[in-house]
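The values are calculated or read from the model by the stated rules, or taken from the named source; none is laboratory data. This one's a predicted model, so the numbers in the text were calculated from it and none came from an experiment. Virtual Cβ from ideal backbone geometry, glycine too; neighbours counted across all protein chains shown.
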Amino acid sequence: MDGRVTISGLEKVYGQGAERTKAIEDLNFEVDGGEFVSVVGPSGCGKSTLLYLIAGFLDATEGTISVDGDPINGPGTDRGVVFQDYALFPWRTVYENVTYGLEEDGVPKDERQNIAQKYIDMVDLDGFEDKYPKELSGGMKQRVGIARTLAYEPKILLMDEPFGALDQPLRESLQDQLLDIWSDLGKTALFITHDVEEAVYLSERVLIMTRHPGTKKTVAEIDLDRSGSREEIVTSDDFAHFKNDVWKSLHEETQTEVTL
Amino acid sequence: MDVTADASRGLDLSRLVEFGKSVYSLVILLVLWEVVGQLGLIHYYFLPPLSDILIRFAELTLSGEMLFNAYLTLQRALIGLAIASVLGVIVGVLSARNDIVDWFFDPIIKIGYPVPIISLIPVFMLWFGIGDISKIIMVAVGTFWPVAVNARESTRQVETNLIWSAQMMGTSDRRLLWRVVMPAALPGILTGFQIAMPLSLIITFVFEMVAGGGGLGALEIQGVRSFESAQVYAAIIAIMLIGIGLDRILRFVRGRLLHWT
């Protein structure tokens, strides 16, 4: 399947001289096409940096990131980012935010309308097309953020703690919505979070990063039976077991942080 | 039918009362002014009664003199402001987006912004004379700074995430300026215009007082020189009305352009 991300020998250094800090060191990792992978790690481990490197917003100091074998060179429409603070264009309505990528791609107006409507319906924002971002709640803004990224059809979804600013019930409903969308559309998903439960619930694999400078500590395979309801899944023994594994591994890293 | 007519009249009356309440302190001051003038408590030369000033204002307006001078002042101020707005936005936005442009303009802006621009009027008279061109250039130079500084600051403050969003959706670096940077910086750019507008009137007014050549400033100083106090105050009322009118227009335009904020 398309949308394979290969990261090899990745290193990212910020600043120069005395202010030089290494955010990411010698990271090797691969996300398969169509796979859902979460990244967890102590704060300051460079997980957001990793996401922005893959997005092409930042340049790597060393190493390469490839999509389906081709090294990336800056941002591209094969990858779409969902930001924690939504980053919607406030001067554009919901509809205009969702069609932005299609306008840039030169898609004709009729077609834009069909595509936009499809994704606006998908995230349950039917009827809010003409609202401006300031008129929406946080959860609605993030659904616009997801719809606009899906609308131009990137192969890879990069999500930077997208539900981090939302309360628990809303977060859970958006998680389920995201899983539905992901399994319908078959996209590669890379999901940054600091919430272990969220990572285990959503992902097929969880990448756990070391603390500063960040690199791969371990990768947890989350081999869960996801056929049941949310309640059945999160109360299962398997879920508890995977959650413990990830938590312990992450805890070792945060412990180091405290003793230092 | 009658009932609704009464109701609407009642509403109008209560609105009028509300309006009266909101400006009553001003009304008291104006009445006091009239009384003080009529009783001769302050010499006519310093402060004529309000009614005399209004009569003079009406005379000057009916004779066309006021409108002609207002036209001269407005024309100089607005042409100068328009030039400054175009140049200020270009320089401000470019120096926020480009290090080389900023390296060139930053020291100039740092020196130019705080200069009390009025102090340069004699220099402008030396260089460009006392005609319209000289006044327009002066206004353009004086109002350039607030426009440029506000455009630069608001462009710098455009969130990186918005620019990244556009880039990931396929916006090229060339188009980024129009698609994202300018709309995102628009509130700050308009603030610059709102600061520059009264400044353009001040500069024009003072230049006209000093150098003549018609305009409301010249009309005012003429009144002083010919002991026509009522004309002095009539000219002040005219420039106030223009200032308030232009401010209202800019606020209206801002509300229209920024209905999304």
Filtering region A:96-111 down to residues that are surrounded by fewer than 21 Cβ atoms within 10 Å (Cβ to Cβ) and in a helix (DSSP H, G or I) yields A:Glu96, A:Glu103, A:Glu104, A:Lys109, A:Asp110, A:Glu111
Given (1) more than 14 Å from chain A (Cβ to nearest Cβ); (2) at negative phi; (3) not in a helix (DSSP H, G or I), B:Gly214 misses just (2)
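Out of everything in region A:45-84 that is out of contact with any strand residue (DSSP E or B) (no Cβ under 9 Å at 6 or more places or on another chain) and assigned to a loop (DSSP other than H, G, I, E, B), what residue ends up being nearest to the other protein chains (Cβ to nearest Cβ)?
A:Thr77
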Of the conditions (1) among the β-branched types (Val, Ile, Thr); (2) at pLDDT below 90; (3) under 20 Å from A:Thr193 (Cα atoms), the single one that A:Thr21 does not satisfy is (3)
Among residues of region B:168-189 being within 11 Å of another protein chain (Cβ to nearest Cβ) and among the charged types (D, E, K, R), the residue farthest from A:Arg92 (Cα to Cα) is B:Asp173
Matching residues in region A:122-153 (within 23 Å of A:Ala55 (Cα to Cα), within 14 Å of another protein chain (Cβ to nearest Cβ) and of a type outside the set (Gly, Ala, Ser)) number 9
Within region A:180-223, the residues that are over 17 Å from A:Phe239 (Cα atoms) and modelled with pLDDT of 90 or more are A:Lys187, A:Thr188, A:Ala189, A:Leu190, A:Phe191, A:Ile192, A:Thr193
Please work out if A:Ser8 is small (Gly, Ala, Ser), out of contact with any helix residue (DSSP H, G or I) (no Cβ under 6 Å at 6 or more places or on another chain) and in a strand (DSSP E or B).
yes
Expected single match for at pLDDT below 80, more than 25 Å from A:Leu157 (Cβ to Cβ) and surrounded by 18 or more Cβ atoms within 10 Å (Cβ to Cβ) among A:Glu253, A:Glu257 is A:Glu253
Here the residues within region B:106-121 that are under 18 Å from B:Ala211 (Cβ atoms) and surrounded by 13 or more Cβ atoms within 10 Å (Cβ to Cβ) are B:Ile117, B:Ile118, B:Leu120, B:Ile121
